[in-house]
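Just below is one structure, and these are the notes that go with it.
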Amino acid sequence: MAYTKSVPRIWRERIRKYRLLGGVCNDCGKVFYPSRRFCPRCGSGNVNKVTLPRTGKILYFTVIRNAPTEFKSFEPYILALIELDNGARILAQLTDIDLEEVYEGMPVEAVFRKYKEQGRDGVIEYGIKFRPRE
Amino acid sequence: MEKVFIVGIGATKVREHWNLSLRDLMVKSAIKAINNAGINKQDIKAIYIGNMSSGYLQGQEHLGALLATWLGIAGVSACKVEAACGSGGAAFHQAFLAVASGLYDCVMALGVEKMTDAITSDVTSALIMADDQEYVAFTGASFVALNALIYRAYIKEYGVKQEDIALFAVHDHKYAVNNPYAQYRREIKIEDVMNSPLIADPIHLLECAPIGDGSAAIILCNERFLEKKVSDQEGVIEVLSSVLATDIISLHDRDTYITLNATRVASSKAYKMARIEPKDVNVVEVHDAFTILGVISLEDLGFAERGSGWEIVREGEIEIGGKIPTNTMGGLKARGHPVGATGIYQIFDIVTQLRGEAGKNQVDNAEIGLAQNVGGVGGTVIINILKRVR
Ligand SMILES: [Zn+2]
């Protein structure tokens, strides 16, 4: 599919994705990921960009056993909703972990990892995953 | 605002239609609805087609012109309406607006999805397009996985046993047995559900709505058209209200995961517009793409207290004869969930009940029905409230 094979598409998200660039709302206080022009909760445009902390804990997780085609070869893998130390929430895969180890509340830290490949001749897409923190 | 009536319904059975294409399905349900209304196809001034993934799964867009061509009414106003799994409900909502506004006297809302030509992992890729491609689909999330997170949040918040939530699937299958349009016309037991393979923990295969093909269509008109052009004045249904609401598209941006805010917003507006309360509803269709969604929806629609949706399932209150008969034709789980068509199938099922045509599944004296159609993980919710008026 066209959308899965584009270099500019990855390039233009690089700062928000690789640096965990989030936003904070000066009106309602919500911290969110990724950064954007308006607060998703209250709609305010009075928001600042903020580099999010790279540590947090698992709120909820699931094990994906039937993946979308691009991720088929990685089955099974853990997907988690993570709360970072400043309250921002992010959805990401876990890595360097066995399926039996994961639990709600587990402390985790961000690492830079491969997510998928744009086919046999395409580029590799990287992003932030989380691993258990000592 | 013009009053809006439903005067015709048509649908194909939901199944793996190896012998029917996307366009075949559309034409079939359209003709059935036109014949059911007893009108001419030339009477239709506009068509709104609910569909989510024809482009990705069939390589086919531009469904409005395609259907107009194959139905032999090119020239008619027709286009596709998309709101993920809420596409059908959204198309019905547009059809409602078109008649209510006074612009058109007779229109058709049609839903269609052709899923079974694709391999399962491609369907999984298609469905996750309901969420943010860059920040959710990118992570390898599946649509089932997102609902699994909701499931975990609900269980943690209320300390509920999974069996009590999974019971929703058993409920749906029981009623699909008597529905000739249903995909799975057989009963299942709670042990079957709990022993079926995990798709995304804790969600089991038999807690998920199946993949299937189908199309359903509804004819809507105003009062003048009803009196002049419709010969059968029995079993006429009025659309009391039709409301669409959105919510923040992705879970990680929301403040809560155990309620779908768009259901609350849309349903409270719809009750008000229809001048009724939840207790006045005789039959309801909820969007149980996963068992947990059925339970949460009962709460968000005002039929159960927060955290007790599973209790009214267990206590039989959603059975025919119970306080709030729910998914009486099999729901998404067993009637089937051809994604973009589902919202129209729900209206089809409610009209069937209100007309007294539900056979063994008939709810006695059903007068008011409500359908809740959900797009994505609640990013869109459409509520339609219908009433039998003659
Ligand atoms: Zn804000």
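Mind checking the mean number of beta-carbon atoms from other chains within 10 Å of the Cβ atoms in B:245-257?
If you average over the peptide's residues, the count of other-chain Cβ atoms is 4.
For chain B, give me every cysteine whose Cβ has no other Cys Cβ within less than 4.7 Å, ordered by residue number.
B:CYS79, B:CYS85, B:CYS208
What residue among B:VAL283, B:VAL236, B:VAL81 has the largest mean-square fluctuation in a Gaussian network model of chain B, using Cα springs under 10 Å?
Maximum fluctuation in the GNM of chain B, among the listed residues, is at B:VAL236.
Once the other residues with Cβ under 12 Å from the Cβ of B:VAL377 are scored (Lys, Arg +1; Asp, Glu -1), what is the net sum?
-3
Report the local net charge at A:ASP96: Lys and Arg +1, Asp and Glu -1, summed over other residues whose C-beta lies under 11 Å from its C-beta.
+1
Under a Cβ-Cβ cut-off of 15 Å, what is the net charge of the residues other than B:ALA270 that fall near it, where Lys and Arg count +1 and Asp and Glu count -1?
Result for the neighbourhood of B:ALA270: +1.
Cα atoms only, the protein assembly as shown: Rg and Dmax in Å?
According to the Cα coordinates of the protein assembly as shown, Rg and Dmax are 22.9, 76 Å.
I want to check a number: in the stretch A:7-132, how many lysine pairs have alpha carbons closer than 15 Å, given a sequence separation of 8 or more or different chains?
10
Of the listed peptides B:100-109, B:379-388, what is their order by residue-averaged count of other C-beta atoms within 10 Å, with the highest listed first?
B:379-388, B:100-109
Report the Rg/Rh value for the stretch B:203-272, based on alpha-carbon coordinates and the Kirkwood definition of Rh.
Looking at the stretch B:203-272, the ratio lands at 1.13.
Using a Gaussian network for chain B with springs between C-alpha atoms less than 10 Å apart, which of these wobbles most: B:ARG314, B:ARG254, B:ARG185?
Maximum fluctuation in the GNM of chain B, among the listed residues, is at B:ARG254.
Starting with the fewest neighbours, write out B:ARG355, B:ARG224 ranked by other beta-carbon atoms found within 10 Å of each beta-carbon.
B:ARG224, B:ARG355
Using only alpha carbon pairs under 8 Å that are at least six residues apart, calculate the relative contact order of chain B and give it in whole percent.
So the answer I get is 26 percent.
May I ask you to give the average projected area over all directions of the convex hull of the Cα atoms of chain B, in nm² rounded to one decimal?
16.9 nm²
Using Cα springs under 10 Å in a Gaussian network model of chain B, which residue among B:ALA74, B:ALA270, B:ALA90 shows the largest mean-square fluctuation?
Looking only at B:ALA74, B:ALA270, B:ALA90, the biggest GNM fluctuation is shown by B:ALA74.
How would you rank B:ASP172, B:ASP117, going from fewest to most other Cβ atoms within 10 Å of each one's own Cβ?
Listed from fewest to most nearby Cβ atoms, that is B:ASP117, B:ASP172.
By Kyte-Doolittle mean hydropathy of at least 1.6 and Cα axial length of at least 15 Å, which whole DSSP H helices of chain B are selected?
none
How would you rank A:LEU20, B:LEU63, going from fewest to most other Cβ atoms within 10 Å of each one's own Cβ?
A:LEU20, B:LEU63
In straight Cα distance, which lysines are under 22 Å from B:LYS323, not counting same-chain residues fewer than 8 positions off?
Reachable lysines: B:LYS174, B:LYS272, B:LYS279, B:LYS333, B:LYS360, B:LYS387.
For peptide A:56-63, what's the mean number of Cβ atoms from other chains within 10 Å of each residue's Cβ?
The shielding value for this peptide is 6.
What is the ratio of the Cα radius of gyration of the stretch A:87-134 to 2.2 N^0.38 Å, where N is its residue count, to two decimals?
It is 1.35.
For chain B, what is the calculated [θ] at 222 nm in deg cm²/dmol (nearest 500), taking -39500 (n - 2.57) for each run of four or more DSSP H residues and dividing by its residue count?
-10500 deg cm²/dmol
Tell me whether chain A comes out rounded, prolate or oblate; compute the Cα gyration tensor, take square roots of the eigenvalues as a ≥ b ≥ c, and use a/c under 1.5 as the rounded threshold.
Oblate, because a/c is 1.5 or more while a/b does not exceed b/c.
FYI, it's all coordinate maths here, none of it is from the lab. Being a predicted model, the structure only gives us computed values, none of them experimental. All Cβ positions, glycine included, derive from the backbone under ideal geometry; neighbour counts span all protein chains shown.
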